[in-house]
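Colleague: A single structure is presented below for examination.
The values are calculated or read from the model by the stated rules, or taken from the named source; none is laboratory data. Only a predicted model underlies this, so the values are computations on that prediction, with no experimental measurement involved. Reconstructed Cβ throughout: ideal geometry from the backbone, glycine too, with neighbour counts over all protein chains shown.
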Amino acid sequence: MKVGDILYFVDISLGKVTKHKINTIKVNNSFTRGDYDVLVFTGIKAYAFKSDILLNPTSETYFHSHTKMRNSNKTYLVFTEAENAYESLVNYVLPRILEKKIQLSNELRESYFTSIEEVAKFESELKKSKDSCDKKCNALKNKFV
């Protein structure tokens, strides 16, 4: 990787592809192999060590080939070709986001129906208590009159 190289970042949490150029490479002299050189990209405030960039993961390795950016909680799949980035978006990221949304909606639906059942139960208990109270109050009124 060198300054000016264009990489395609697939944002796993948002489900979108963005294009970024390597803006600068800050050489870290304490490591001789260059694995810990700092890469700074255009359009991203976060940075990454050269060793943290996992380029062109295959579909079998999407689950554990995420690139973690420093100064950020985001993870990305990083590609050199736009076609591969969009393929990973369609085949891995978007189905994963859909699965999470379906799971959340099922949990909300279950919570909604549970709440409705609780409200109906409470309303019926309230009605029974009110009827019981009316009967007892009428019986007491009749006793004292």
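Colleague: Please state which one of Lys45, Lys2, Lys21 is assigned to a strand (DSSP E or B) and basic (Lys, Arg).
Modeller: Numbers: Lys45 fails: assigned to a strand (DSSP E or B); Lys2 fails: assigned to a strand (DSSP E or B).
After ruling out the rest, the residue left standing is Lys21.
Colleague: Which residue, of Glu110, Glu118, Glu99, Glu123, is of a type in the set (D, E, K, R) and either in contact with a strand residue (DSSP E or B) (Cβ under 7 Å, 6 or more places away or on another chain) or closer than 30 Å to Lys19 by Cβ (or both)?
Modeller: Glu99
Colleague: Scan the stretch 55-86 for residues that are more than 19 Å from the chain's Cα centre (by Cα), modelled with pLDDT under 85 and part of a loop (DSSP other than H, G, I, E, B) and jot them down.
Modeller: Result: Thr58, single match.
Colleague: Could you please find all residues in the stretch 33-54 being of a type in the set (Gly, Ala, Ser) and either at pLDDT below 85 or exposed (fewer than 12 other Cβ atoms within 10 Å of the Cβ) (or both)? So that I can check it myself, show each step before the final result.
Modeller: Step one: list which residues in the stretch 33-54 are of a type in the set (Gly, Ala, Ser), which gives 34, 43, 46, 48, 51.
Matches in the stretch 33-54: Gly34, Gly43, Ala46, Ser51.
Colleague: Quickly run through the stretch 75-125 and pick out the residues that are under 20 Å from Gly15 (Cβ atoms) and basic (Lys, Arg).
Modeller: Arg96, Lys100, Lys101
Colleague: Now a separate question. Would you mention how many residues in the stretch 67-108 are free of Cβ contacts under 8 Å to residues at least 24 places away in the same chain and either touching a Gly at 6+ places or on another chain (Cβ under 7 Å) or of a type in the set (A, V, I, L, M) (or both)?
Modeller: The number of residues fulfilling the criteria is 5.
Colleague: May I ask you to list the residues in the stretch 1-21 that are more than 23 Å from Pro95 (Cβ to Cβ) and surrounded by fewer than 12 Cβ atoms within 10 Å (Cβ to Cβ)?
Modeller: Lys2, Val3, Gly4
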